[in-house]
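Written below as structure tokens is the structure these notes are about.
The values are calculated or read from the model by the stated rules, or taken from the named source; none is laboratory data. Everything numeric in this text was worked out from a predicted model, so none of it was measured. Ideal geometry is used to build each Cβ from the backbone, glycine not excepted, and the neighbour counts take in all protein chains shown.
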Amino acid sequence: MKLVIGANGFLGSHVVRRLVADGEQVRVLTRKTSDTRSIDEIPAADGQIERVTGDLFDRPSLDAALRGIDDVFHCAVDTRAWLIDPAPLFRANVDGLRNVLDAAADAELRSFVFASTMGTIGRHDRVVDETDEFNWGEVATDYIKSRVAAENLALGYAREGRVPVRAMCVSNTYGPYDWKPTNHGIFVKGPALGKFPFRTRGMATESVAIDDAALAMILATSRGRDGERYIVSERFLDMRDLIETAATAAGHEPPRLILPRPAMYALGAGGSALAKVTGKPQLLNIDTVRLMHYMSPMSHAKAETELDWHPRPVLDAVAEAARFWVERRATRRATRA
């Protein structure tokens, strides 16, 4: 049986969706307060999805969730990169992970697939890969620092032979059922609904279809190597192409206003200043703008070679995500009528 921790999140729910489609028995661990829309509508046979309520800081619930499990997918991540106080990020992403790893060390697992991030890869003026160690801590956000600490922690358990961890350095994910949406999914939802005011210039980052990211996670259980990390990304995607594709797929003209990188930083500076004055986090600030372009282009050749993973064009998934938002709006309007 497979266990998905953080199954109600964007990536976790797609891992569940793929496992169910493959006929696997899946146990999902969610909190009492979790929004479970992303897994509630997954078509599954009776009893194919077993739900367990628990918490990263409740060891008995972790032990119960791990009982009889072969493979674990740890997808529980706090992605709120805009937070003023970083304590919740480190609590969830590092301390919570440590509790799960301690429980996993006492279980007999075949694999522990950890959803890490492309942000842990080093930055250089060339295409980078898994051998490039993180080297931009002086400008990294607290969110990135928490993810780097989490990956180092998880791989440490692998080096010690305690937990068979494979770290998946996942890039920005796009596709349907992004209910929140994610931080980067905002740049699909807005254009898809005709409510996004601008395109960008000079902003690009690694990206991948969400179902391909889920597939890479699953392939890592049988083909990945303990203590290794794998870049999970399809291409270095220009955000202008992202916004234009989302708008066009939804039947809208792309926004006419084009903001170059300096203008984006000006907006980010305004958001940071507003956060200081009001004490309220702002989604768009200096740190989140930097994350839109700062990392280097990356190679996913290792995942292709070792996992036999071959991703499809991410812009196809962007178009699917845009249509999801259009259909969801239509459904909500029909329900109200």
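Key figures for this structure:
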read-out: Residue among ARG328, ARG290 that is buried (at least 18 other Cβ atoms within 10 Å of the Cβ) and of a type in the set (D, E, K, R); value: ARG290
read-out: Among (1) closer than 24 Å to SER171 by Cβ; (2) under 18 Å from the mean Cα position of the chain (by Cα) - the single one LEU29 does not satisfy; value: (1)
read-out: Residue in the range 204-215 that is farther than 17 Å from PHE73 by Cβ, out of contact with any Ser or Thr (no Cβ under 8 Å at 6 or more places or on another chain), of a type in the set (A, V, I, L, M) and modelled with pLDDT of 95 or more present; value: yes
read-out: Filtered residues of the range 242-288 (kept if over 27 Å from the mean Cα position of the chain (by Cα) and of a type in the set (Lys, Arg)); value: ARG256, LYS276
read-out: Unique residue being among the β-branched types (Val, Ile, Thr), over 30 Å from GLU234 (Cβ atoms) and surrounded by 13 or more Cβ atoms within 10 Å (Cβ to Cβ) when the list is THR33, THR79, THR53; value: THR53
read-out: Qualifying residue in the range 212-232 (condition: in contact with a His (Cβ under 6 Å, 6 or more places away or on another chain), assigned to a helix (DSSP H, G or I) and under 23 Å from LEU291 (Cβ atoms)); value: yes
read-out: Selection count, the range 272-311, where residues are assigned to a helix (DSSP H, G or I), touching a residue at least 24 places away in the same chain (Cβ under 8 Å) and not basic (Lys, Arg); value: 9
read-out: Matching residues, the range 150-175, being surrounded by fewer than 18 Cβ atoms within 10 Å (Cβ to Cβ) and in contact with a Phe, Trp or Tyr (Cβ under 7 Å, 6 or more places away or on another chain); value: none
read-out: Yes/no for THR245 being out of contact with any strand residue (DSSP E or B) (no Cβ under 9 Å at 6 or more places or on another chain), in a helix (DSSP H, G or I) and in contact (Cβ under 8 Å) with a residue 40 or more places away in the chain; value: yes
read-out: Selection from the range 229-248 of residues that are touching a Lys or Arg at 6+ places or on another chain (Cβ under 6 Å) and of a type in the set (A, V, I, L, M); value: ILE243
read-out: Number of the exception - GLY161 against (1) in a loop (DSSP other than H, G, I, E, B); (2) of a type outside the set (D, E, K, R); (3) under 23 Å from LEU29 (Cα atoms); value: (3)
read-out: Filter result for the condition that a residue is under 17 Å from the mean Cα position of the chain (by Cα) and outside any helix (DSSP H, G or I), over ASP78, ASP46, ASP85, ASP55; value: ASP78
read-out: Counted residues, the range 182-201 - those being of a type outside the set (Ser, Thr, Tyr), out of contact with any Gly (no Cβ under 8 Å at 6 or more places or on another chain), buried (at least 19 other Cβ atoms within 10 Å of the Cβ) and not in a strand (DSSP E or B); value: 8
read-out: Members of the range 78-90 found to be closer than 18 Å to THR120 by Cα and among the charged types (D, E, K, R), listed by number; value: ASP78, ARG80
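A quick yes/no check of all residues on (1) over 20 Å from the mean Cα position of the chain (by Cα); (2) not in a helix (DSSP H, G or I):
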site: ALA92; (1), (2): no, no
site: GLU108; (1), (2): yes, yes
site: PHE114; (1), (2): no, yes
site: ARG126; (1), (2): yes, yes
site: GLY137; (1), (2): yes, yes
site: ARG147; (1), (2): no, no
site: GLU151; (1), (2): no, no
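Residue by residue, here is whether (1) aliphatic (A, V, I, L, M); (2) closer than 15 Å to PHE112 by Cα holds:
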residue	(1), (2)
THR53	no, no
GLY68	no, yes
ALA76	yes, yes
PRO88	no, no
